[in-house]
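The values are calculated or read from the model by the stated rules, or taken from the named source; none is laboratory data. Owing to the predicted nature of the structure, the values given are computational and were not obtained by experimental measurement. Ideal geometry is used to build each Cβ from the backbone, glycine not excepted, and the neighbour counts take in all protein chains shown. When the accessible area is computed, the model is the full protein with side chains, heavy atoms only, and any ligands, DNA or RNA have been set aside. Shrake-Rupley method; radii C 1.70, N 1.55, O 1.52, S 1.80 Å.
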Amino acid sequence: MAKLPISAEKIIDKFGPKKHYTPMGGFEGSHEPDKLVKTHCCFCAMQCGIQLKVKDNKIAGFEPWMEFPFNEGRLCPKGVQRYLQNNHPDRLLQPYQRVEGKGFEPITWDNAMERTISEIRRIQTQYGNDSFAMLSGVSLTNEKSYMVGKFARLALKTKNLDYNGRLCMVSAGAGNKKAFGLDRISNSWADLKHAEVIIIAGSNVSECFPTLTHYIWQARDNGAKLIVVDPRVTPIARTADLHLPVKPGRDSALFGAILKQLVDNDWIDHEFIEKHTNGFEAAAEAVKDYDLDWAEKTTGIEKEKILQAATWWGKAKTSFLLHARGIEHHTKGVDNVLSCINIVLATGRIGKPYCGYGTITGQGNGQGGREHGHKCDQLPGNRDISNPEHRKYIAEVWGVEEKEIPGMGLSAYEIIEAIHRGEIKGLISICFNPIVSLPNNNFVREAFEKLEYYVAIDFFLNETARHADVILPGSLHEEEEGTVTTAEGRVVKINQAIDPPGEARKDSDILIEMARRLGAGDKFNFENSEAVFNELRVASKGGTADYYGISYEKIEKNMGVFWPCPSEDHPGTPRLWEEKKSAFPDGKARFNPVAYKEPAEVVDKDFPVILTTGRVVSQYLSGTQTRRIGKLVDQYPEPLLEIHPSLAIQYNIQNRDLITVRTRRGEATFPAQIVETIRPDTVFIPYHWGGSHSANQLTVGDLDPISKIPEFKVCACQLIPTGKKAAPAEERSAYQSS
Ligand SMILES: Nc1nc2c(c(=O)[nH]1)N[C@H]1C(S)=C(S)[C@@H](COP(=O)(O)OP(=O)(O)OC[C@H]3O[C@@H](n4cnc5c(=O)[nH]c(N)nc54)[C@H](O)[C@@H]3O)O[C@H]1N2
Ligand SMILES: Nc1nc2c(c(=O)[nH]1)N[C@H]1C(S)=C(S)[C@@H](COP(=O)(O)OP(=O)(O)OC[C@H]3O[C@@H](n4cnc5c(=O)[nH]c(N)nc54)[C@H](O)[C@@H]3O)O[C@H]1N2
Ligand code: SF4
Ligand SMILES: [Mo]
């Protein structure tokens, strides 16, 4: 059924001009809050501690939470504005349905649920259970993530459930599972402070994890050498001892060449390799031809710099290697991760004080959310949905027959492709904005237009929800109790500060009600979030991500508990691999041979410039939340095209000239920002905007074959100056979507 153009303005316009929101009417001045609630920032995986000020069941501001050990009161520009969401005029306060030709109109909860359930039934009867898919997100707490996994499998009875971490940490997760059999950073941040050498590969730490910068600076104050691998001279790279300006998509060549230097110069820990690892010879063999000349040619980094990095890393006694999406958002993201792990294992610096390795997880609950079973291939405790033993255990916990748990389903982007092919007809999304965040999003939008029924659960109307038949107003972080697991593996408590406003409901209550109406209510008899957590503990018991020994009380008492924590008397595990070096039965970590491969799309004479994408400090993900907060919009109101002066001269480009960027998928126009902090062969666009401002109109949909992550970080583009200048940023509308 073709759909008419969708008008979301009905919802937004009732609040007057589309203006972003700054003040907190009525709360400023001398009003004393009714209470202060200790909880965490809702944005990135640092999950900084914060105290929310509550007045009349509304969030009125915040106070620092000085005692929380990770951030000790420090917050970043997003953290100090996050309190402005609960009372925001754009909050969805009641369910809506889309009426053909009319846009959205309010609908009762009962009707919204009825319509949803009858459409699920109709579609599943007509096309089979798997034709109704679900997409979830890891801004959700552990409890909600767990519940979504159980809901999709037992209430919706579909195998096609996946989550937005598929765009985020899955390359790291797959690499870590191959090398260590477990998916968590090896040490807590505390171990960064005394590392002698720190490598940061593909992370703009200062803009994306601002409060972590403090730990890196402390290490530098203690004499650490900092090496940053990034095609851009990011703020953290500006303070580095060595910056390696890698050509996008070439990290496995760089780390392969470093491994070869370690081997050739005998900067390796033979005893560690012998006793604690497998597969070293094959990994060394794979890089035997990666000499410095080849590496310089392939990576675009001067060979002296590569040798310097290898020498510092090779000779250090303690070290920490961190990476993030810069090396992971690739069709060979898993290879890149493994090439990093190989240099860590070769030098044996893991499982000891100040010796660590890991990915810097991105989303608020990116760590916990990848453990509790809302991935297409996973059951709780980071169990494998295809493993008969694992299935049996979870079936027992859930009180069902093993065969009632569906098998492995499609990953996030594959679900969109299946919708496009007409194989999937219905969708529920919670906490995901795929039309902005998935690559090649004109294709994604076409898919959404083909759905017979789509229901979105969110607290704001995001770009994807504009295509929904029904929108259900869900809850913010501070509107429901739960736990999240921070990037360092610390399980912390999210405390409920206020009730959802208007008719908005807690996300969990929405899922429970839907499950009940789908006839699976008996599996969702949870009195509160703690009851969900207690079931999650049991479900995770014996899995690699074991939470069994963690309780709400223990978290509160210790300001967080690090998993694995297998028993009630266990203190938790801030540092992994002190004895065993992996979760495999032999306790040994595994090298994996990595042969360098090119990105899916390389530059040629038609598309001669490399395009890479990422983030800026004041915007968050698809921007649904931060593009609505005035001060954050003022800091970075619109996406800019970062371009080096020497490339700009070739095209006669000046600052704020409007440049059309064209790729094989589409084109979009951005104001130029000429900066010396980027490679001359590469341009960068932040991706936090939708519609005609969306960088994802340009990116490629090719996936890593193992992790199924898209290649957001490299494709080939043309630059076409339009001959026009952009209007001054402040004159443009704030909540820019189209
Ligand atoms: N302000 C802000 N903070 C955030 C977020 C946000 O949206 N905004 N999102 C959170 C989430 S979910 C995530 S995943 C993290 C992401 O955190 P990061 O991974 O640190 O951020 P990105 O900007 O995606 O990419 C990091 C860097 O990779 C570089 N890069 C591009 N291509 C390559 C390459 O081929 N090799 C290497 N070595 N580097 C490359 C880019 O220049 C960029 O500086 O941030 C979290 N924190
Ligand atoms: N080109 C390009 N694209 C990228 C990236 C890139 O670097 N470049 N990065 C990728 C990465 S790493 C990520 S993580 C993805 C993120 O992409 P998405 O996950 O699509 O982005 P979000 O903005 O987090 O969308 C989440 C939606 O969930 C809602 N939400 C947040 N918290 C809750 C909650 O507790 N309950 C409910 N019901 N809703 C909630 C928000 O309002 C928002 O509408 O984008 C990816 N896309
Ligand atoms: S660093 Fe992350 S968790 Fe901390 S305040 Fe900023 S966005 Fe929030
Ligand atoms: Mo992410």
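What to note about this one:
- With a threshold of 21 Å on the Cα-Cα distance, the over-threshold entries among Lys38/Lys352; Lys597/Lys713; Lys178/Lys588; Lys260/Lys315; Lys506/Lys708 are Lys38/Lys352; Lys506/Lys708.
- When the Cα positions of Leu536, Ile498, Tyr357 are compared along the charge dipole of the chain, Ile498 comes out farthest toward the positive end, with charges on each C-beta of Lys, Arg, Asp and Glu.
- Looking at the chain alone, DSSP beta bridges between its own residues are antiparallel in about 50 percent of cases.
- Cross-link table Lys78/Lys225; Lys193/Lys317; Lys55/Lys144, entries beyond 21 Å C-alpha to C-alpha: Lys78/Lys225; Lys55/Lys144
- Cut-off 10 Å between beta-carbons: net charge of the residues surrounding Gln378, Lys and Arg +1, Asp and Glu -1: -1
- Expected 222 nm ellipticity per residue - DSSP helices of 4 or more, -39500 (n - 2.57), all of the chain, to 500: -8000 deg cm²/dmol
- For region 261-319: rounded, prolate or oblate by the Cα gyration tensor [a/c cutoff 1.5]: oblate
- Extension gain, Asn265 to Asp681: 0.36 nm times the residue separation minus the Cα-Cα distance gives 146.5 nm.
- Values of log10 I(q)/I(0), in the order q = 0.06, 0.09 Å⁻¹, for the chain under a Debye, Cα-only, solvent-free model: -0.33, -0.78
- Solvent-accessible ranking of Arg421, Arg627, largest area first, probe 1.4 Å: Arg421, Arg627
- Segment Lys597-Gln94, extension gain: residue separation times 0.36 nm, minus the distance between their alpha carbons: 176.1 nm
- Inter-label distance, nm, simple model (7 Å from Cα along the C-beta direction), Glu402/His214: 4.9 nm
- Distance (nanometres) between label positions extended 7 Å along Cα→Cβ at Asp221 and Arg121: 6.5 nm
- Rolling a 1.4 Å probe over the protein heavy atoms leaves Asp469 with an accessible area of roughly 10 Å².
- Using a probe of 1.4 angstrom and keeping all protein chains present, the accessible surface of the chain works out to 34 square angstrom per residue.
- Counting only protein chain heavy atoms and rolling a 1.4 Å probe, the accessible areas of Leu476, Leu307 rank, largest first, as Leu307, Leu476.
- Within the assembled protein chains, the solvent-accessible surface assigned to Ser203 is about 0 Å², based on a 1.4 Å probe.
- Unit Cα scatterers, Debye sum, region 609-731: log10 I(q)/I(0) for q = 0.16, 0.21 Å⁻¹: -0.77, -1.26
- When its C-alpha radius of gyration is set against 2.2 N^0.38 Å (N residues), region 170-359 gives a value of 0.92.
- With a Förster radius of 56 Å applied to the C-beta separation of Glu568 and Lys315, the computed FRET efficiency comes to 0.80.
- Accessible carbon and sulfur surface of the chain relative to its total accessible area, %, 1.4 Å: 49 percent
- Accessible surface of Met408 - all protein chains present, 1.4 Å probe, nearest 10 Å²: 110 Å²
- Sorting Glu105, Glu568 by accessible area puts them as Glu568, Glu105; the probe is 1.4 Å, largest comes first, and only protein heavy atoms count.
- With R₀ fixed at 45 Å, the C-beta to C-beta distance from Trp294 to Asp586 puts the FRET efficiency at about 0.85.
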